[in-house]
């Protein structure tokens, strides 16, 4: 599922608010005559985008699986599209079957704002030192306790996570992308890691401090939570 | 000047409608106390975007030229930004001084629509043959009469134009960009050339026909006018 997060109050269904889950359930109800619960691999925050969200639902409908992609797309707003649909075993869970996820965070790093990029990037005016950010990023890779990089509201029972990749990539003039891959992430983990790497890029945090921040397990030592609009769920890996 | 064209009724000022020229004149009036006429290098159509529009205006204000970039940006909507401002001779014209312009046209060429690309691409479902499009594009390069590729409402006194480059470039999966460079373009010329190249890509027009269409000078033989939202003025060359 691809969506632009700007017009949604996140993935998870909420009364009276437009959410991705709610929009998909409503569309599925109109196709099948019965409203299912649609469960996603990632409960993306309000404003976060997705190029490759994965979700599943149970239905007794006899509509062929492939028909659900164009059908659900047509019954949703233009900011939501179901790219593909296949049949899965009844007990398959998009969330539990996932072996990993890839997110990208995009920073617009030029003095002037970018009207064309404004919905999908965080505008950071100060020139960023990408080499320093890469040095720091290396210390976020591996199996570690990431308690310093999770939201206060995160209720995950363990804070150990396996981060397999953090790459800092210049895409085009002014546009910097940070790609994160892990088996799973804590709440706000990508946004807090991004906020911390941007502090390093600005020269406010020494790149060698990032390992110490991680080891402290203290959220107060990490950088700010980067805004949702720069974040995009690129892929869920199975 | 960079802008997302979605929320504007084009460049040119019109009563009661939001236009790029109107927004810039209003912002300049608020900065200087006197409303100037802002003249752009290209009068982009409604819905067309710009990464590198260039415009000028006369003012007796003593505000330093460089201050106009952040000032006009702050006084405009988030879909418009002035990236840079410099002082020019009083008789300088952004339009008449231009030696050439580069536009890009972006096509989203995948079966499913793209929510994240929907404002800046034309969604063409049928797979496009890029090799055929490149063969046809070669016949649009050079000094020729482009009467077959202009809007009925175009009032240019001559239809001879020098097209220096037409490139068909795959950007990423699903995204195709056609880049056009010429000393000047006729009204809707880029959009009609794009519509014609897409007909070639779909196999509906033989690539060798494009030179004949051009030589016919008959608008009815060229392809449809591609939608405004895929078009972006990338740069004006001086």
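So which residues in the range A:56-97 are crowded, with 17+ Cβ neighbours inside 10 Å, within 14 Å of chain B (Cβ to nearest Cβ) and not in a loop (DSSP other than H, G, I, E, B)?
A:68, A:69, A:71, A:72, A:73, A:80, A:81
Only one of (1) in contact (Cβ under 8 Å) with a residue 24 or more places away in the chain; (2) touching a helix residue (DSSP H, G or I) at 6+ places or on another chain (Cβ under 7 Å); (3) more than 24 Å from residue B:187 (Cβ to Cβ) is not met by residue B:88, so which one is it?
(2)
Any idea how many residues of the range A:98-120 are within 12 Å of chain B (Cβ to nearest Cβ) and closer than 26 Å to residue A:42 by Cβ?
Residues meeting the conditions: 7.
Is one or more of the residues making up the range B:18-32 part of a loop (DSSP other than H, G, I, E, B), buried (at least 17 other Cβ atoms within 10 Å of the Cβ) and modelled with pLDDT of 95 or more?
yes
Every residue in the range A:157-186 that is outside any strand (DSSP E or B), touching a residue at least 12 places away in the same chain (Cβ under 8 Å) and farther than 11 Å from residue A:146 by Cβ, please.
A:173, A:174, A:183, listed by residue number.
Can you tell me which residue among A:128, A:140 is touching a strand residue (DSSP E or B) at 6+ places or on another chain (Cβ under 6 Å), more than 10 Å from chain B (Cβ to nearest Cβ) and in a loop (DSSP other than H, G, I, E, B)?
A:140
Just a yes or no: is a residue in the range B:113-124 under 22 Å from the mean Cα position of the chain (by Cα), over 30 Å from residue A:84 (Cβ atoms) and modelled with pLDDT of 95 or more?
Looking for residues that are under 22 Å from the mean Cα position of the chain (by Cα), over 30 Å from residue A:84 (Cβ atoms) and modelled with pLDDT of 95 or more, one finds none in the range B:113-124, hence no.
Could you grab me the full set of residues in the range B:1-17 that are within 14 Å of chain A (Cβ to nearest Cβ) and either in a helix (DSSP H, G or I) or without any contact (Cβ under 8 Å) to a residue 24 or more places away in the chain (or both)?
B:5, B:6, B:7
The values are calculated or read from the model by the stated rules, or taken from the named source; none is laboratory data. Treat the numbers as computed from the prediction; the structure is a model and nothing was measured. Every residue, glycine among them, receives a Cβ derived from its backbone with ideal geometry; neighbour counts consider all protein chains shown.
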